[in-house]
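A short worksheet on the structure shown next.
The values are calculated or read from the model by the stated rules, or taken from the named source; none is laboratory data. Note that this is a predicted model, so its numbers are computed, not measured. Note that we place each Cβ from the backbone using ideal geometry, even for glycine, and neighbour counts take in every protein chain shown.
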Amino acid sequence: MGWRRSIGLEITLRKLVRCEGRRLLQASAAFVWVLGVLTGCQSRAPVRVDIDRAVQALSLSPVVEPPDGRLAGVDVSLPADSLTLAPVQSPPPVETVSRRRRVALDSIVQQREAVRQRLLELRLQTIPELEQRWRAELRDEYDLAQMRQALDAAIQEAFQQYGRQRFPLLVALLVAAPDSDAYRQTRAQLEQLDRAWQAQAQALHARYEAGLARIEQEIEVRVNARRREFVRNAEQETQEQLAQQPDLADLYLPQPQSLPPAPARKTPLSAVRAQLPERAFQADAYARRAAAEQMMRETLTQLAQEWAELHNYQLTDAPNAPDKTDALIRYLLAK
């Protein structure tokens, strides 16, 4: 497992170098240029940075030594023999073929439903005209003229009775003095008679209108019944017409034919020999880890140089210069 962790370390370092290095280089290059323009030729303080310690601090996993060993070779040989093969079954249809068949069947069903809806719409588009004709036919079954004549006769009779009762009151009103009690009583009787006549006339008209509304309600119920029957017959005729048409699924999508299973047979097998050479893996692991560390060190060196220019520092190897390794590590981890 140690050499696998070493390979994981190499991959992690490479990703860090490629992603973080590229992003930091692009972001810092522009800022360094601006800072250089602003600061001009100012002097830079000499500082010291330990690149090896920075590499160890930025490593995402500890360094694990690969095991010292070699992968032994393998030599396997099989003698010649005979083998009885089981019957071979025909493979199931490919999933894509089955899926396309289902899509085609769904399309056929949708197309058939669309044709049914269109045929039904053509049959039902005459319903408004038929409803008008049905209402006219049903309305002829009722004697609306006789109802109107009965209303007029009732109003005429009530009006004549109202006139016979009103005439004596009008005569008494003309004879009585305007400020007498008889005048006021006659006037009150005349107003009461007028109100009674208006109420009677309104009652007669209301009864006539109620009769008309009842007739229209009966006509509407009978028209709705005829409409439902017409729609039911139209749907049945549409289904019968579609039943006479051939099924597109049977025409264009025949059922897949399955092949019969192959009979069992006996097949001789020749001798087989396989040999895997011996292989050492410790040297390869050390080489990959060294290459990753070298790439990491070069990238950190370039980033340290840019960080120094950004903070007005001058990198140096002098032992008495201030050590800014921790500041560089915190800066890179913050990025």
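Which count do you get for residues in region 314-328 that are part of a strand (DSSP E or B) and closer than 9 Å to V49 by Cβ? Counting residues in region 314-328 that are part of a strand (DSSP E or B) and closer than 9 Å to V49 by Cβ gives 2. Within region 111-125, track down each residue that is of a type in the set (S, T, N, Q), modelled with pLDDT of 85 or more and farther than 13 Å from E235 by Cβ. Result: Q125, single match.
Of the residues that make up region 144-151, is at least one in the same structural domain as R227 (by TED's automatic domain parsing), closer than 30 Å to H205 by Cβ and not in a helix (DSSP H, G or I)? No, the conditions are met nowhere in region 144-151.
Please enumerate the residues belonging to region 141-174 that are among the basic types (K, R) and either in contact with a strand residue (DSSP E or B) (Cβ under 8 Å, 6 or more places away or on another chain) or in contact (Cβ under 8 Å) with a residue 24 or more places away in the chain (or both). It would help to see each step written out before you state the result.
Initial filter on region 141-174 (among the basic types (K, R)): 148, 164, 166.
Within region 141-174, R148, R166 qualify.
Under 59 Å from the mean Cα position of the chain (by Cα), of a type in the set (D, E, K, R) and surrounded by fewer than 13 Cβ atoms within 10 Å (Cβ to Cβ), is that true of E157?
Working: under 59 Å from the mean Cα position of the chain (by Cα): no; of a type in the set (D, E, K, R): yes; surrounded by fewer than 13 Cβ atoms within 10 Å (Cβ to Cβ): yes.
Against the criterion (under 59 Å from the mean Cα position of the chain (by Cα), of a type in the set (D, E, K, R) and surrounded by fewer than 13 Cβ atoms within 10 Å (Cβ to Cβ)), E157 does not qualify.
Mind checking which residues of region 158-186 are of a type in the set (V, I, T) and farther than 30 Å from A203 by Cβ? Passing the criteria: only V175. Test E235 against the criterion of being at negative phi, surrounded by 13 or more Cβ atoms within 10 Å (Cβ to Cβ) and modelled with pLDDT of 90 or more, and give yes or no. Spelling it out, E235 is indeed at negative phi, surrounded by 13 or more Cβ atoms within 10 Å (Cβ to Cβ) and modelled with pLDDT of 90 or more.
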